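Participant: Sharing a structure with you now.
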Amino acid sequence: MSYITILKEGIRVVNRNWQLVLIQMATMLFSFASFFFIVGIPIGIAFVIFGMDFTEILRLRNIESLFIGSAELLNKYFAMALVLFLSIIIYVIAVSVTWIFAIAGVAGILKDSIVDSNQRFYFRVFFSEGKHNFFPVMGYVILVSLIFIGIAFLLGIGGGAASKIIETARTQEETLAVFMSIFFVLLLLSIGLVLIVFTLSMSFYGIAYVVFNKQGAMRSLVDTVKFLLRSPSSIAFYVFVMGLYILASLLVLIISSPFTLIPIIGTVLTFPLQILNYFVQSYMSLIMIASMFVFFYRHEIAPAGPNGVIDIYAQEATEPSQSPEQMAEQSSGQQKTPPQNPSQ
C-alpha cells in the first residue's frame, strides 16, 4: 500500500470516530485551564496570605545581589515557595494522568476501528480502553522519556568532547579549529536528528504494539525496535505524516495571524481562532496517529493474523494468478489425456 492510500484510510478511521477530536480538544483545554486552577489560584491566595512584595525582586541589580537576594527571599517566603512547588507537582501529575488516559482510550478506539470497519465510537468503550491500556501506555511513555533523557545526556557529552577537541585544534591552527567546529556541529546535529526521529517513531509504533498485541511496556519497546530496524519505511512514513502535520499547523497559523492584528475585530476573533487552531491540531494529530496505526496493522498484524497465523486472504493476494490462456491450455491438456483402462 502506498503512503497516500494509508493516509486516506487513516482519515476515514478518524472521520468514523469524529468524537475523538472533541476528546482531544477537551484534553488540551483541560491542560490550560488546570494551570489556572491548580497553579494560578493557589499562588494568588498565597501572595495575599504571606504578603509577598514584588518590589524586593526589582531591587536585585546584579548577579551577586540576585543570588544573595534570592536566598533571602527563599528564606523569607519559604512557605510561598513550598506552595508553588507543590502546585506545579500536582499540575504535572494531573495533566500527565489525563493525557495518558486520553491516549490509551484513543489508541484503543482507533485499533478497534482499524481491525473492524463497522466499529464506532462509544464512551463506554473509550473509558474501558483507557482503563485497560492506562498502565501499559504509562510504562511505555516512561521508558521513552528515559530514552529521550539519555539521548540529551549523550549529546551533551558529545558536545563537551567536541569543544575540548576544537579548543585543542585552535592552539595549533585557527583554520583547523574552524573546520573542526563546523564538522562537529553538523555531525552532532545529524546524529541528534536521527536519534530523535527514531525515538519519536518508536513512541507511536510502540503504543500500537501495546494496544494491538495487549503486551507490556518493555516487550513492546523491544518489538518496536525490531520492527523499525526490519522496516525502515515505517520511519519514512512517520516523517511523511509529521511533515503534513507541521505544514497544516503552519498554514492555519499563517491564515489566522493577520486577523488578530486588526485593532478591534482582532481582539474579538482571538478566542474563536484559538479554538479553530486547537481543532485543526487535534484533527491532524489524530490523523497522524491513525495513519501510523494503519501502517503498523497492514505491515505487522494483518500478514500474520491476530494470533500469529498466516492470513489466507493475504497469502492468496500475493500468489500469482493464472491468465485465461494458461487456464485454457491446462484444461485442454487434461482433455487430451486418454483415460487409462483398468484391465491393461
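Listed here are the residues, each with its yes/no results for (1) surrounded by 12 or more Cβ atoms within 10 Å (Cβ to Cβ); (2) assigned to a helix (DSSP H, G or I); (3) at pLDDT 90 or above.
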position	(1), (2), (3)
PHE36	no, yes, no
ILE49	no, yes, no
MET52	yes, no, no
LEU66	yes, yes, no
GLU72	yes, yes, no
ALA79	no, yes, no
VAL83	yes, yes, no
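Participant: Kindly indicate the residue of the stretch 1-11 that is in contact (Cβ under 8 Å) with a residue 60 or more places away in the chain and either touching a Phe, Trp or Tyr at 6+ places or on another chain (Cβ under 7 Å) or among the basic types (Lys, Arg) (or both) and also nearest to TYR283 (Cα to Cα) among those meeting that condition. So that I can check it myself, show each step before the final result.
Facilitator: Pass one, the stretch 1-11, residues in contact (Cβ under 8 Å) with a residue 60 or more places away in the chain: 1, 3, 6-7, 9-11.
Narrowing the set further to residues that are either touching a Phe, Trp or Tyr at 6+ places or on another chain (Cβ under 7 Å) or among the basic types (Lys, Arg) (or both) leaves 3, 6.
On the way: TYR3: 19, ILE6: 16 Å.
Of everything passing the filter in the stretch 1-11, ILE6 is nearest to TYR283 (Cα to Cα).
Participant: Continuing with this model, one more query. Any residue at all in the stretch 254-265 that's exposed (fewer than 12 other Cβ atoms within 10 Å of the Cβ) and either under 15 Å from the mean Cα position of the chain (by Cα) or at pLDDT 80 or above (or both)?
Facilitator: Within the stretch 254-265, one or more residues are exposed (fewer than 12 other Cβ atoms within 10 Å of the Cβ) and either under 15 Å from the mean Cα position of the chain (by Cα) or at pLDDT 80 or above (or both).
Participant: Follow-up question, since we're still on this one. Could you check PRO303 against (1) surrounded by 12 or more Cβ atoms within 10 Å (Cβ to Cβ); (2) at pLDDT below 85; (3) part of a helix (DSSP H, G or I) and say which number it fails?
Facilitator: Among (1) surrounded by 12 or more Cβ atoms within 10 Å (Cβ to Cβ); (2) at pLDDT below 85; (3) part of a helix (DSSP H, G or I), PRO303 violates only (3).
Participant: Do any residues in the stretch 224-239 that are surrounded by 16 or more Cβ atoms within 10 Å (Cβ to Cβ) have Cβ atoms under 7 Å from those of residues that are of a type in the set (Asp, Glu), where the two are at least six apart or on different chains, and which pairs are they?
Facilitator: Filtered contacts from the stretch 224-239: PHE227/GLU300.
Participant: Turning to a different aspect of this structure: Find the residue count for the stretch 154-171, including only residues that are modelled with pLDDT of 85 or more and of a type in the set (Asp, Glu).
Facilitator: 0
Participant: Okay, next question. Regarding SER181, is this residue over 17 Å from the mean Cα position of the chain (by Cα) and buried (at least 16 other Cβ atoms within 10 Å of the Cβ)?
Facilitator: Numbers: over 17 Å from the mean Cα position of the chain (by Cα): yes; buried (at least 16 other Cβ atoms within 10 Å of the Cβ): yes.
Spelling it out, SER181 is indeed over 17 Å from the mean Cα position of the chain (by Cα) and buried (at least 16 other Cβ atoms within 10 Å of the Cβ).
The values are calculated or read from the model by the stated rules, or taken from the named source; none is laboratory data. On a predicted model such as this, the values are computed, not experimentally measured, just so you know. Ideal geometry is used to build each Cβ from the backbone, glycine not excepted, and the neighbour counts take in all protein chains shown.
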